[in-house]
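What follows is one structure encoded as structure tokens, with my remarks underneath.
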Amino acid sequence: MSQKLTVVMYHFVRELPYTRYPEIKGLLTSQFKEQLTYLKKYYTFVTVADCLSTLYNETNLSSNACLLTFDDAYIDHFVTVFPILEENRIQGCFFPPAKAILSHEVLDVNKIHFILASVHKDLDQLISEIYACLKKYRSQYQLKSNSHYYSKLAVKNRFDSAEIIFIKRLLQMELEENVRKLITDELFQKYVTKDEESFSRELYMDLDQIKCMSRNGMYIGSHGFGHHWLNKLPPAKQESEIDESLKFLGLVDAPTENWVMCYPYGAYNDSLIEILKKKGCSFAFTTKVDIANFSKENAYTLERLDTNDLPKLSYSEPNPWTKEIINNG
Ligand SMILES: [Zn+2]
């Protein structure tokens, strides 16, 4: 049997104007509170335990069931989100990038966010900097021409301009991992900081903070170990990624049986799903935008809505995603 589950995905939740990087993309604390009020009006919050019971005991989820997920273990999740969820008796699901937390590194995806926030609006300057890097590494890594990459990648989407999409896609996935990392690190050091360790400690929760949330009823799940595109790794590497991430879950007193996965970048493939099943994972979240059909068949490819897909004002009328739930309820 299939049931509707609205899963909402969050990243940064902070008072952006009062931070060192007001231009990063994130949800304001006030918007988070307003959105919670909106969600409370139209949805019933469920827990991971409710979802497991639906899978294994065939209990029913409410027709308007909603689950909140928070990726990448930003310090915001401990300082801002956790107290608000506590106060509202809502369980959040948190997915920490294990290696970045353990070794005090900064995820490439975050390096790119903060590079973009540091250059402000001067994207032309940044793009010429990137072209200079491509030139430097072109023969060693058999890179294609600048215009090849630009025309292939610079396609604006619902959140970002063509230039920003070009930079993000080039440095997040198009180039081979080694050269991608070289260029990202060079730009991060130039525009943001040379002290990656301090930056990491400021950006993410630490083990004690994650443990504290786990002890207080928040759910901590796997986000892999090295925050890779797991679909691009061979099965043996996928397996070690999962093993390492389970060790991390043990360290923070999170469940390692009937556990929950959240794919970094939403990326997965068949061999990864087989490994998850073998290792006792019960269900897994993608970044495909939709209301999830929560069922055994769909358990490893669950869709989510982005926070930006839902209203950020408490008194908003139900938007189309919400109407879909109310009308079928
Ligand atoms: Zn992530």
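The values are calculated or read from the model by the stated rules, or taken from the named source; none is laboratory data. Just so we're clear, the structure is a prediction, and the values are computed from it rather than from any experiment. Ideal geometry is used to build each Cβ from the backbone, glycine not excepted, and the neighbour counts take in all protein chains shown. Heavy atoms of the whole protein, side chains included, go into the accessibility calculation; ligands, DNA and RNA do not. Shrake-Rupley method; radii C 1.70, N 1.55, O 1.52, S 1.80 Å.
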* Structure fact -> Pairing a residue in the stretch 8-23 that is outside the structural domain of ALA292 (by TED's automatic domain parsing) with any residue that is of a type in the set (A, V, I, L, M), where Cβ atoms lie under 6 Å and the two sit 6 or more apart in sequence or on different chains, gives none
* **Single residue of PHE95, PHE159 found to be under 24 Å from MET173 (Cβ atoms), modelled with pLDDT of 95 or more and of a type in the set (Phe, Trp, Tyr)** => PHE95
* Asked: Just checking, how many residues over the stretch 101-132 are open to solvent by 60 Å² or more (accessible area, probe 1.4 Å) and hydrophobic (A, V, I, L, M, F, W, C)?
  -> 1
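Restricting attention to the stretch 55-76, does a residue exist that is open to solvent by less than 50 Å² (accessible area, probe 1.4 Å), within 17 Å of GLU303 (Cα to Cα), more than 16 Å from the ligand (Cβ to nearest atom) and assigned to a helix (DSSP H, G or I)?
yes
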* Which condition number does ALA254 fail, the rest of (1) under 17 Å from the mean Cα position of the chain (by Cα); (2) buried (at least 19 other Cβ atoms within 10 Å of the Cβ); (3) over 16 Å from HIS228 (Cα atoms) being met? -> (1)
* **Residue count for the stretch 265-312, restricted to those that are within 16 Å of the ligand (Cβ to nearest atom), within 28 Å of LYS237 (Cα to Cα) and of a type outside the set (A, V, I, L, M, F, W, C)** => 7
* Asked: If you check THR287, THR301, THR307, which single one turns out to be open to solvent by 30 Å² or more (accessible area, probe 1.4 Å), within 16 Å of TYR10 (Cα to Cα) and among the hydroxyl-bearing types (Ser, Thr, Tyr)?
  -> THR287
* Structure fact -> Over the stretch 229-245, the set of residues at pLDDT 95 or above, open to solvent by 40 Å² or more (accessible area, probe 1.4 Å) and within 18 Å of the chain's Cα centre (by Cα) is ASN231
* Asked: Hey, which of the helices (runs of 4 or more DSSP H) in the stretch 145-238, taking only ones fully inside, have at least 3 residues that are out of contact with any helix residue (DSSP H, G or I) (no Cβ under 7 Å at 6 or more places or on another chain)?
  -> 146-153, 177-191, 196-203, 207-215
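Residue by residue, here is whether (1) in contact with a helix residue (DSSP H, G or I) (Cβ under 7 Å, 6 or more places away or on another chain); (2) outside any strand (DSSP E or B); (3) open to solvent by 10 Å² or more (accessible area, probe 1.4 Å) holds:
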{"position": "LYS4", "(1), (2), (3)": "yes, no, yes"}
{"position": "VAL7", "(1), (2), (3)": "no, no, no"}
{"position": "PRO22", "(1), (2), (3)": "yes, yes, yes"}
{"position": "GLN31", "(1), (2), (3)": "no, yes, yes"}
{"position": "TYR38", "(1), (2), (3)": "no, yes, no"}
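For (1) more than 15 Å from the ligand (Cβ to nearest atom); (2) small (Gly, Ala, Ser), each residue gets a yes or a no:
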residue: LYS99; (1), (2): no, no
residue: ASN110; (1), (2): no, no
residue: TYR137; (1), (2): yes, no
residue: LYS144; (1), (2): yes, no
residue: VAL155; (1), (2): yes, no
residue: SER161; (1), (2): yes, yes
* To do: Exactly one condition in (1) under 20 Å from the mean Cα position of the chain (by Cα); (2) more than 28 Å from VAL13 (Cα to Cα); (3) open to solvent by 20 Å² or more (accessible area, probe 1.4 Å) is not met by GLU274; state its number.
  => (1)
* Asked: From the list VAL192, VAL179, which one is more than 16 Å from TYR137 (Cβ to Cβ) and crowded, with 19+ Cβ neighbours inside 10 Å?
  -> VAL192
